[in-house]
Structure formats: structure tokens, C-alpha cells
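Notes for the one structure printed next.
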Amino acid sequence: MSVRTRKLIGSMAIVGFLGLYIALVATLAERLPANWVVQLAFFLVAGVAWGGPLIPLIAWMNRGR
């Protein structure tokens, strides 16, 4: 598979994953208590956690022949 094809597939997968991730975070955020400390901690973790699952995909996209 060419690098260009892998990058196209990976880009579409990233956009799809982020859409699902945003929907999940928004759904979970509605169930949080009204305490600002809890909300701050949740959004700090959620704001960073999306990158972890994408690291293998990005590595695959950038792999040479």
C-alpha cells in the first residue's frame, strides 16, 4: 500500500474517531456533578486522552514502504 493511500485512510479514520470521541465526552460531561473541580479534572483528562489511541495509527500512516 502506498504512503499516500495510508495517509488518506488514516486521515479519514482520525476524523471518524474524533467525531465519536467528542460525542462520548459530551455525553459523559452531561452526567458530571456541578462541582467545578470535577469538571476541570474531567476535561483536562479528556482533552489529552484522545491522542493516546491515535499514536499507533499515525505511526502506521507515516511508515515507509
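The values are calculated or read from the model by the stated rules, or taken from the named source; none is laboratory data. The structure presented is a predicted model; accordingly, all values stated were derived computationally and were not measured. Backbone-built Cβ (ideal geometry, glycine too); neighbour counts: all protein chains shown.
Here's a check for you: in segment 17-65, which residue that is outside any helix (DSSP H, G or I) and closer than 26 Å to Arg6 by Cβ is modelled with the lowest pLDDT? Please lay out each step first, then the result.
Narrowing segment 17-65 to residues outside any helix (DSSP H, G or I): 31-35, 50, 62-65.
Then drop every residue that is not closer than 26 Å to Arg6 by Cβ, which leaves 50, 62-65.
On the way: Trp50: 95, Asn62: 89, Arg63: 85, Gly64: 70, Arg65: 66.
The selected residue is Arg65.
Please enumerate the residues belonging to segment 14-30 that are of a type in the set (Gly, Ala, Ser) and exposed (fewer than 11 other Cβ atoms within 10 Å of the Cβ). Within segment 14-30, Gly16, Gly19, Ala23, Ala26 qualify.
Residues of segment 1-13 that are assigned to a helix (DSSP H, G or I) and either hydrophobic (A, V, I, L, M, F, W, C) or surrounded by fewer than 12 Cβ atoms within 10 Å (Cβ to Cβ) (or both): Val3, Arg4, Thr5, Leu8, Ile9, Met12, Ala13.
Would you be able to say whether some residue in segment 42-60 is aromatic (Phe, Trp, Tyr), at negative phi and without any contact (Cβ under 8 Å) to a residue 24 or more places away in the chain?
Initial filter on segment 42-60 (aromatic (Phe, Trp, Tyr)): 42-43, 50, 60.
Narrowing the set further to residues that are at negative phi leaves 42-43, 50, 60.
Keeping just the survivors that are without any contact (Cβ under 8 Å) to a residue 24 or more places away in the chain gives 42-43.
Within segment 42-60 (the criterion being aromatic (Phe, Trp, Tyr), at negative phi and without any contact (Cβ under 8 Å) to a residue 24 or more places away in the chain), the answer is yes, since at least one residue qualifies.
Output the residues belonging to segment 8-25 that are under 13 Å from the mean Cα position of the chain (by Cα) and hydrophobic (A, V, I, L, M, F, W, C). Correct list: Met12, Ala13, Ile14, Val15, Phe17, Leu18, Leu20, Ile22, Ala23, Leu24, Val25. When you scan segment 31-44, do you find a residue that is surrounded by 10 or more Cβ atoms within 10 Å (Cβ to Cβ) and basic (Lys, Arg), even just one? No, segment 31-44 contains no residue that is surrounded by 10 or more Cβ atoms within 10 Å (Cβ to Cβ) and basic (Lys, Arg). Within segment 8-29, the set of residues being within 24 Å of Trp60 (Cβ to Cβ) and either in contact (Cβ under 8 Å) with a residue 60 or more places away in the chain or β-branched (Val, Ile, Thr) (or both) comprises Ile9, Ile14, Val15, Ile22.
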